[in-house]
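The values are calculated or read from the model by the stated rules, or taken from the named source; none is laboratory data. Since this is a predicted model, take the numbers as computed values, not measurements. Cβ atoms come from the backbone with ideal geometry, glycine included; neighbour counts cover every protein chain shown. The protein model used for the area step is the full one, side chains on, heavy atoms only, and it has no ligands, DNA or RNA in it. Shrake-Rupley method; radii C 1.70, N 1.55, O 1.52, S 1.80 Å.
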Amino acid sequence: MWMYFFKRLGHGIPVLLTVATLTFGIMHLVPGGPFDTEKKLPPEIIANIEAKYHLDKPVWHQYLLYMKQILQGDMGPSYKYVGRDVSDIILEAFPVSLVLGLCAVLVTLGLGIPFGVLSAARQNSWIDHSCIFAATLGISLPSFVLGALLILLFSHQWHLLPPALWEGPRHVILPAFALGAGFAGYIARLTRSTVVEVLGADYIRTARAKGLSETRVLLKHALSNSITPIVSVMGPLTAGLVTGSFVIEFIFSVPGMGNFFITAVTNRDYPLIMGVTLVYAVLIVLANIVVDLVYMKLDPRISLAGTKV
Amino acid sequence: MMFTKMQLPSKLSAIFLLGLAVCAVFAPWVAPYSYETQDTLKTLALPDGTHWMGTDQLGRDVFSRMIYGAQTSLFIGVFTTLIAVVIGTVYGAVSGYVGGRTDNVMMRIVDVVFALPDLLMIILIMVVLGRGLWGIFLALTLVSWVTVARLVRGEVLRIKEFAYIEAARAIGASHGRIVFHEILPNIWGVLIVTLTFRIPVAILAESTLSFIGLGIAPPSSSWGTLANDGWTALKFYPHLILFPSLAIFLTILSFNFLGEGLRDRLDPRKLRS
């Protein structure tokens with residue numbers, strides 16, 4: 001198990017290195033710098049600024065400095081938030097996004113699994129058809145449309161929940177729902193198809209023959225055996241939540257990583273863009289490793305040696 | 001005929017998308033006003049007889065802007081996906097057919113593009129290319145071909161083991177002939193289904209980026225920028241965000257329904273099961 005973990009981690013490192021190199025390259029290809037202003041600055045000041053941020057050194061030197069810094073966990077000072085380090089900003093914003101993301105996962109699974117099971121249990125009935133239809137609607141609804149709709153109804157119309165900011169549990173509800181609901185459609189469809197498949201298996205017939213109630217057959221035998229495919233999509237789901245957070249944190253003014261990323265892109269704050277991108281890359285690589293490990297624990301048929309990376 | 005055998009939602013979707021495409025192509029004739037004509041006496045008007053969807057902050061007709069927005073959104077959605085499918089098909093076919101070391105190297109490149117989520121990659125590429133129609137066009141194309149490449153490679157790997165391919169080789173068919181005449185015709189169904197499902201993904205990416213202010217730059221507009229205009233006036237003039245949101249939603253929904261209808265008819269993997 002641990003061997004496999006470290007092996008996977010070993011495979012993740014080249015990916016991270018490539019991402020770091022690519023982001024560095026991208027940021028140095030861009031036209032225009034963060035200190036381009038309308039007003040012409042005196043050359044001494046420009047020289048000072050460039051010396052402070054190492055912009056006067058050759059590119060390869062900047063690259064080495066950058067790599068060395070990253071390995072030390074130091075991502076340098078932000079260009080736009082003067083006096084703040086990128087790592088400080090990320091340390092502050094990451095927990096916010098993490099809470100939002102976890103709550104969104106709860107919404108996704110909390111909506112997706114029950115409706116998927118219900119759909120499978122009443123296969124081809126009107127309940128099933130409406131669940132599938134609703135799932136397709138949910139998949140097609142952009143999260144910013146859902147977010148705007150929620151704000152319009154719950155904040156402006158009924159004054160039930162706050163439309164923006166991040167100041168307590170009440171502020172989590174709307175963004176978490178807007179972020180998580182879209183993925184619930186995928187989970188519902190996936191759950192439905194796997195439960196339908198499992199329900200056709202022999203051991204389900206045995207369970208029924210023993211006289212178990214239909215609810216028990218469904219929840220204990222069918223659902224617990226359909227959980228593995230759901231686990232396997234948690235990797236892509238993490239990636240989806242990351243990109244989803246750009247929009248949702250923007251709409252709800254949540255001070256998380258997504259919001260900082262968007263602002264950094266608008267401001268051409270390169271160190272912050274690179275820092276956030278790297279954290280996302282680490283997060284996604286780790287999520288995929290964890291998913292694989294859980295997957296193997298759940299399904300002993302998948303052998304350690306046979307898994308391709 | 002394929003159309004007559006599809007389910008009702010898929011049929012309705014096909015008709016809706018066809019109508020939308022006609023409106024977008026013939027926008028100057030369909031739209032009652034130009035997209036930039038301002039009626040300064042009538043700003044932020046509610047929908048009525050003269051302005052079917054009301055007017056925006058600058059007194060421009062929302063209905064006309066919606067039709068021109070459809071031009072941008074559909075253009076980006078359809079053409080980036082088409083190009084991505086062509087590139088992905090050639091790349092995946094070569095990778096899968098040649099196999100061995102070439103395949104390994106080609107797939108490593110795909111893996112790197114795959115490592116980060118699409119939208120994040122698109123934003124990073126657009127930081128270099130700059131905002132605007134062509135920036136987003138290129139960024140979307142650069143990111144979306146990898147999914148197709150993986151899919152096509154898998155199909156080619158499967159098909160090249162069939163006996164008839166061996167037969168073709170035995171009678172001396174060239175590699176190009178085998179790939180383009182023997183293998184690819186067998187996966188065109190899968191490709192059409194993929195195309196249909198990838199177009200809404202591209203449309204969603206464009207509108208999302210434009211909505212958060214990183215996509216299409218003013219003065220050109222897409223449904224995403226229109227939704228952003230509406231977003232700033234959400235509290236008092238909700239009709240401004242309603243129409244672009246509805247258009248994006250219905251278009252994505254229609255492509256998804258159409259894709260499901262086509263998959264039921266065309267995808268051999270679905271037919272086998």
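General remarks:
- Across the range B:56-67, not a single residue is classified as within 14 Å of chain A (Cβ to nearest Cβ) and crowded, with 18+ Cβ neighbours inside 10 Å.
- Subset of the range A:186-216 (residues that are open to solvent by 90 Å² or more (accessible area, probe 1.4 Å) and within 32 Å of the chain's Cα centre (by Cα)): A:TYR186, A:GLU197
- Breaking point among (1) crowded, with 17+ Cβ neighbours inside 10 Å; (2) out of contact with any Pro (no Cβ under 7 Å at 6 or more places or on another chain); (3) not basic (Lys, Arg), for A:PHE133: (1)
- Elements of type helices (runs of 4 or more DSSP H) in the range B:155-273, at least 1 residues being of a type outside the set (Ser, Thr, Tyr), buried (at least 23 other Cβ atoms within 10 Å of the Cβ) and within 14 Å of chain A (Cβ to nearest Cβ): B:188-211, B:223-232, B:239-266
- Residues in the range A:120-137 that are under 22 Å from the mean Cα position of the chain (by Cα) and within 10 Å of another protein chain (Cβ to nearest Cβ): A:THR136, A:LEU137.
The rows are residues; the columns are (1) over 27 Å from A:LEU16 (Cβ atoms); (2) in contact (Cβ under 8 Å) with a residue 60 or more places away in the chain.
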| residue | (1), (2) |
| --- | --- |
| B:GLY99 | yes, no |
| B:LEU124 | no, no |
| B:LEU129 | no, no |
| B:GLY135 | no, no |
| B:SER144 | no, yes |
| B:ILE171 | yes, no |
| B:GLY176 | yes, no |
| B:LEU184 | yes, yes |
| B:ARG198 | yes, yes |
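Okay, residues lined up against (1) in contact with an Asp or Glu (Cβ under 7 Å, 6 or more places away or on another chain); (2) open to solvent by 10 Å² or more (accessible area, probe 1.4 Å); (3) in contact (Cβ under 8 Å) with a residue 12 or more places away in the chain; (4) not in a loop (DSSP other than H, G, I, E, B):
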site	(1), (2), (3), (4)
A:LEU218	no, yes, yes, yes
A:ALA222	no, no, yes, yes
A:GLY240	no, yes, yes, yes
A:VAL265	no, yes, no, yes
A:GLY275	no, no, yes, yes
A:LEU278	no, yes, yes, yes
A:VAL282	no, yes, yes, yes
A:LEU293	no, yes, yes, yes
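- Selection within the range B:96-151 - crowded, with 23+ Cβ neighbours inside 10 Å, away from chain A (no Cβ under 13 Å) and not polar (S, T, N, Q): B:GLY96, B:ILE136, B:LEU140, B:TRP145, B:VAL146, B:VAL148, B:ALA149
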